[in-house]
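Student: Submitted below is the structure of interest, expressed as structure tokens.
The values are calculated or read from the model by the stated rules, or taken from the named source; none is laboratory data. Predicted model only: the values in this text are computed from it and were never measured. Note that each Cβ is placed from the backbone with ideal geometry, even for glycine, and that neighbours are counted across all protein chains shown.
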Amino acid sequence: MIDRFRYGCQTGHTLNLARELNRQGIPAKVMLVGMPKHFYREYKGYYPNNMIVPAPSNFKKIKRLVRAFQATLFHFHCPTLLPLAARLTETPGLPFGLTIGEATAPCHPSFMHRASFIIATERTAYATLKSAYPRSYFLPEGIDLLGFRPAPHKNKLIVTFIGEQGKYTLEGYRALLKAIAITGTSLEIVCSQSPPIDVGHFNGWCGPPARAHILAKSQVLIGRGQALLEGMACGNALLFLNHDYRGILVPSWRPAVVTKPCTERGRKPCYRDIFYDLSRLIKDRPYLKRLQEQGRQFVRENHDLRVITEKTANIYSKLKT
């Protein structure tokens, strides 16, 4: 597998998928492009057997490394890596596939037509791809339900904000912090950008193990995308904050929310809106608990990593080498 390191939860999905493939008897390694050294040390301790490999800085070294792995399949997980993927697969022989998330715009269509499979993790992406690329599949992101699970007891109300790089605005960040300051609740911040207002506990960006630890103790998650799934798995109610703000998120409604453009459903982030929604969750504990239970169930039923990995392995098994 080849992916680009990002300050976002998508990288964790690729790594957890590879680890689960190894658990299910399918050897897999992940080459990460642009991975900072300190994150490599952190992730290396969590993912076993030298599964993670930082990508070399030039193409010739990458190609030599791929040959040394004796790979029988390429699986690319980031659309921005398609130029690299096209070069690596110029020589016919090894099958290769792509995973496309929210980036649905066709890029390198001739290369994509050569792909043995294309996996879309969002339904709108799949709807766009399936007519042009017959070997397309819909498989949502998987969550490791053993790693991401709620703590046995959650007494204190803690809010967690996961800010993925490029997926929120400074204006929204400020609005969130102001709302937290008014409510007086505890805040854990998982984000590569330090808070512009001195509110909450800043963790910087964290890998999956550290995020799971923080979310396990949290009651409410504020974020978007796969962070919502991680939050639900850990028993959090959700507030959707992207470039816009969409309020309290009912778990069964997630597919409609996530795949709709911001202009259709969202509104400009305002601290008052966030404050009112947080206040409702703080005051109405039965409603909060109901959302938390629904969220955990929703992820169990739709995003279990073991099931997603089995389906991925089935796609691999159909390929003719």
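Student: G207 fails exactly one of the following numbered conditions: (1) free of Cβ contacts under 8 Å to residues at least 12 places away in the same chain; (2) touching a helix residue (DSSP H, G or I) at 6+ places or on another chain (Cβ under 6 Å). What is the number of that condition?
Tutor: The one condition G207 does not meet is (1).
Condition check ((1) in a helix (DSSP H, G or I); (2) of a type outside the set (K, R); (3) surrounded by 14 or more Cβ atoms within 10 Å (Cβ to Cβ); (4) within 20 Å of the chain's Cα centre (by Cα)) across all residues:
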| residue | (1), (2), (3), (4) |
| --- | --- |
| R272 | yes, no, no, no |
| S279 | yes, yes, yes, no |
| I282 | yes, yes, yes, no |
| P286 | yes, yes, no, no |
| T309 | yes, yes, yes, yes |
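Student: Taking interchain pairs and intrachain pairs at least six residues apart, which have beta carbon atoms under 8 angstrom, with the first residue in segment 93-107 and over 22 Å from Q226 (Cα atoms) and the second at pLDDT 85 or above and hydrophobic (A, V, I, L, M, F, W, C)?
Tutor: Going by the 8 Å Cβ cut-off, the qualifying pairs are L94/L73; L94/F74; P95/L73; P95/F74; F96/L73; F96/F74; F96/F76; F96/A115.
Student: Another one. Counting just the residues of segment 51-72 that are out of contact with any helix residue (DSSP H, G or I) (no Cβ under 8 Å at 6 or more places or on another chain) and assigned to a loop (DSSP other than H, G, I, E, B), which one comes out nearest to C9 (Cα to Cα)?
Tutor: That would be S57.
Student: All but one of (1) touching a Gly at 6+ places or on another chain (Cβ under 7 Å); (2) part of a helix (DSSP H, G or I) hold for K178; which doesn't?
Tutor: The number of the failed condition is (1).
Student: If you go through segment 150-162 one residue at a time, do you hit one that is surrounded by fewer than 19 Cβ atoms within 10 Å (Cβ to Cβ), within 23 Å of the chain's Cα centre (by Cα) and of a type in the set (K, R)?
Tutor: no
Student: Right, another one. Within segment 70-92, track down each residue that is of a type outside the set (D, E) and out of contact with any strand residue (DSSP E or B) (no Cβ under 8 Å at 6 or more places or on another chain).
Tutor: Across segment 70-92, the qualifying residues are Q70, A71, T72, P83, A86, R87, T91, P92.
Student: Going residue by residue through segment 35-45, is there one that turns out to be surrounded by 14 or more Cβ atoms within 10 Å (Cβ to Cβ), out of contact with any Leu (no Cβ under 8 Å at 6 or more places or on another chain), in contact (Cβ under 8 Å) with a residue 60 or more places away in the chain and hydroxyl-bearing (S, T, Y)?
Tutor: No, segment 35-45 contains no residue that is surrounded by 14 or more Cβ atoms within 10 Å (Cβ to Cβ), out of contact with any Leu (no Cβ under 8 Å at 6 or more places or on another chain), in contact (Cβ under 8 Å) with a residue 60 or more places away in the chain and hydroxyl-bearing (S, T, Y).
Student: Does I214 satisfy the condition of being assigned to a helix (DSSP H, G or I) and modelled with pLDDT of 95 or more?
Tutor: yes
Student: Just to verify a result, which residue in segment 73-94, among those that are assigned to a loop (DSSP other than H, G, I, E, B) and modelled with pLDDT of 85 or more, is farthest from K37 (Cα to Cα)?
Tutor: This residue is L73.
Student: Would you please name the residue that is nearest to the chain's Cα centre (by Cα), looking only at residues in segment 217-228 that are modelled with pLDDT under 95 and crowded, with 24+ Cβ neighbours inside 10 Å?
Tutor: Q226
Student: Name the single residue, out of those in segment 187-213 being surrounded by fewer than 16 Cβ atoms within 10 Å (Cβ to Cβ) and among the small types (G, A, S), that is farthest from T14 (Cα to Cα).
Tutor: Among them, the one singled out is S194.
Student: Restricting attention to segment 246-275, which residues are at pLDDT 90 or above and of a type in the set (A, V, I, L, M)?
Tutor: I248, L249, I274 - these are the residues of segment 246-275 that are at pLDDT 90 or above and of a type in the set (A, V, I, L, M).
Student: Condition first: in a loop (DSSP other than H, G, I, E, B), of a type in the set (S, T, Y) and at pLDDT 85 or above. Now tell me which residues in segment 118-167 satisfy that.
Tutor: The first filter runs over segment 118-167 and keeps only residues in a loop (DSSP other than H, G, I, E, B), leaving 121-122, 130-135, 139-142, 144-157, 164-167.
Of the ones still in play, those that are also of a type in the set (S, T, Y) are 121, 131, 133.
Those that are in a loop (DSSP other than H, G, I, E, B), of a type in the set (S, T, Y) and at pLDDT 85 or above: T121, Y133.
Student: I've got another one for you. Tally time: how many residues in segment 31-50 are outside any loop (DSSP other than H, G, I, E, B) and over 14 Å from R6 (Cα atoms)?
Tutor: 3
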